[in-house]
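Engineer: Take this structure, written in structure tokens, and hold onto it; I'll ask about it next.
The values are calculated or read from the model by the stated rules, or taken from the named source; none is laboratory data. Note that the structure is a prediction, hence the values are computed from the model and not measured. Quick reminder, even Gly has a Cβ in these numbers, built from the backbone with ideal geometry, and neighbours come from all protein chains shown.
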Amino acid sequence: MSTESKIRPVTTLRLTEMKQRGEKISMLTAYDYSTAKILDASGIDVILVGDSAANVMAGYETTLPITLDDMIYHAKSVTRAAKRALVVVDMPFGTYQSDPIQALHSAVRIMKESEADAVKMEGGEEILDSIKNLLSAGIPVMGHLGLTPQSIHKFGTYNIRAKEEAEAEKLIRDAHLLEEAGCFAIVLEKIPYALAKRVAEELTIPLIGIGAGPVDGQVLVVHDMLGINSDFSPRFLRRYADVGNIMTEAFKSYIEDVKSGDFPNENERY
Ligand code: KIV
């Protein structure tokens, strides 16, 4: 049997089983083939083709400008690399909020053109009909509650959400609605741990946290945890490497070697 045929891909069902066993779920973002290949081989459970690509790949201030075509391009690059991880793709801003038909068309394009495993959508009750429409068409949906970056202009700040009782109560209600509708997991972004813990205990589907404390799994943006994007340093972010500095040093050495004539040397030419 070849090594490839022994790989057991992560499925949405396996994520629920992991929660039942108390096994934590690891999730990171990727937007390109090479990063996704390394991530997949490292054993990550879920790769998120996040609309954070708008920030870290394209340099936009917010996630709003990224298009469906952009997301499909990134998603195709990632699915070509992922042999084991579940690949989830963010539905970009403006492609699902207006009505369930529009949402289904957008999700069908993502699933058909990129061959991803699932989509992620930001919001609760307001987008419930769209979520249900996708689920009836057999498209797995991951929810996203708390600090939902596509609503930044409504929030006016990237500060912690749901500190006030009314917003916390709505988040709990939304989480239950998403589970009842059939979402297979929910991302909880930047909310108090006590609230995230309560939701994770009440729901049977996995809750993946980012700035929400130790729930059923964790997600980070790969550029942030690798230290490529060093401008961003919220309290919840743990840096696992200083790739930004490693790259700077390598680029400076290369420039120096080219300028001095040291590169290429006699062994590096034909
Ligand atoms: O777009 C993204 O990277 C995300 C994560 C921060 C959860 O939605």
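Engineer: Among the residues of the stretch 30-54 satisfying the criterion of being away from the ligand (no atom under 12 Å from the Cβ) and of a type in the set (Val, Ile, Thr), which is nearest to His144 (Cα to Cα)?
Structural biologist: Taking the stretch 30-54 and keeping what is away from the ligand (no atom under 12 Å from the Cβ), we get 32-45.
Imposing the further condition that a residue be of a type in the set (Val, Ile, Thr) reduces the set to 35, 38, 44.
Details: Thr35: 24, Ile38: 26, Ile44: 20 Å.
My answer is Ile44.
Engineer: Quick check on this structure: which one of Leu134, Leu147, Leu104 is over 23 Å from Met18 (Cα atoms), within 15 Å of the ligand (Cβ to nearest atom) and not aromatic (Phe, Trp, Tyr)?
Structural biologist: Exactly one residue qualifies, and that residue is Leu147.
Engineer: What's the number of the only condition in (1) within 23 Å of Ser26 (Cβ to Cβ); (2) touching a residue at least 12 places away in the same chain (Cβ under 8 Å) that Ile152 fails to meet?
Structural biologist: Going through the list (1) within 23 Å of Ser26 (Cβ to Cβ); (2) touching a residue at least 12 places away in the same chain (Cβ under 8 Å), Ile152 breaks only (1).
Engineer: Return a yes/no flag: does the stretch 69-84 have any residue that is of a type outside the set (S, T, N, Q), in contact with a strand residue (DSSP E or B) (Cβ under 8 Å, 6 or more places away or on another chain) and in a strand (DSSP E or B).
Structural biologist: There is no residue in the stretch 69-84 that is of a type outside the set (S, T, N, Q), in contact with a strand residue (DSSP E or B) (Cβ under 8 Å, 6 or more places away or on another chain) and in a strand (DSSP E or B).
Engineer: Can you name every one of the helices (runs of 4 or more DSSP H) wholly within the stretch 147-228 that holds 3 or more residues which are aliphatic (A, V, I, L, M) and more than 23 Å from Ala85 (Cα to Cα)?
Structural biologist: Hits in the stretch 147-228: 165-181, 193-202.
Engineer: Here is a follow-up. Among the candidates Thr62, Thr35, single out the residue that is closer than 18 Å to Asp90 by Cα, assigned to a loop (DSSP other than H, G, I, E, B) and assigned by TED's automatic domain parsing to the domain that holds Gly211.
Structural biologist: After ruling out the rest, the residue left standing is Thr62.
Engineer: Checking the conditions here, which among Met27, Met57 is of a type outside the set (Val, Ile, Thr) and near the ligand (Cβ under 10 Å from one of its atoms)?
Structural biologist: That would be Met27, the only listed residue that is of a type outside the set (Val, Ile, Thr) and near the ligand (Cβ under 10 Å from one of its atoms).
Conditions (1) within 14 Å of the ligand (Cβ to nearest atom); (2) within 26 Å of Glu126 (Cβ to Cβ); (3) not assigned by TED's automatic domain parsing to the domain that holds Ile127, marked per residue:
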residue	(1), (2), (3)
Ala181	no, yes, no
Pro206	yes, yes, no
Val219	yes, yes, no
Arg269	no, no, yes
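For (1) touching a helix residue (DSSP H, G or I) at 6+ places or on another chain (Cβ under 7 Å); (2) of a type in the set (A, V, I, L, M); (3) surrounded by 19 or more Cβ atoms within 10 Å (Cβ to Cβ), each residue gets a yes or a no:
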{"residue": "Leu39", "(1), (2), (3)": "no, yes, yes"}
{"residue": "Thr62", "(1), (2), (3)": "yes, no, no"}
{"residue": "His105", "(1), (2), (3)": "no, no, no"}
{"residue": "Ile110", "(1), (2), (3)": "yes, yes, yes"}
{"residue": "Ala118", "(1), (2), (3)": "yes, yes, yes"}
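Engineer: If I ask for residues that are part of a helix (DSSP H, G or I) and closer than 19 Å to Ile47 by Cα, which ones from the stretch 87-107 would you list?
Structural biologist: Passing the criteria: only Ala107.
Engineer: When the stretch 150-179 is examined, which residues are found to be hydroxyl-bearing (Ser, Thr, Tyr) and either farther than 28 Å from Asn133 by Cα or away from the ligand (no atom under 16 Å from the Cβ) (or both)?
Structural biologist: Thr157, Tyr158 - these are the residues of the stretch 150-179 that are hydroxyl-bearing (Ser, Thr, Tyr) and either farther than 28 Å from Asn133 by Cα or away from the ligand (no atom under 16 Å from the Cβ) (or both).
Engineer: Which ones in the stretch 223-251 are surrounded by 14 or more Cβ atoms within 10 Å (Cβ to Cβ), over 16 Å from Ala53 (Cα atoms) and hydrophobic (A, V, I, L, M, F, W, C)?
Structural biologist: Phe236, Leu237, Val243
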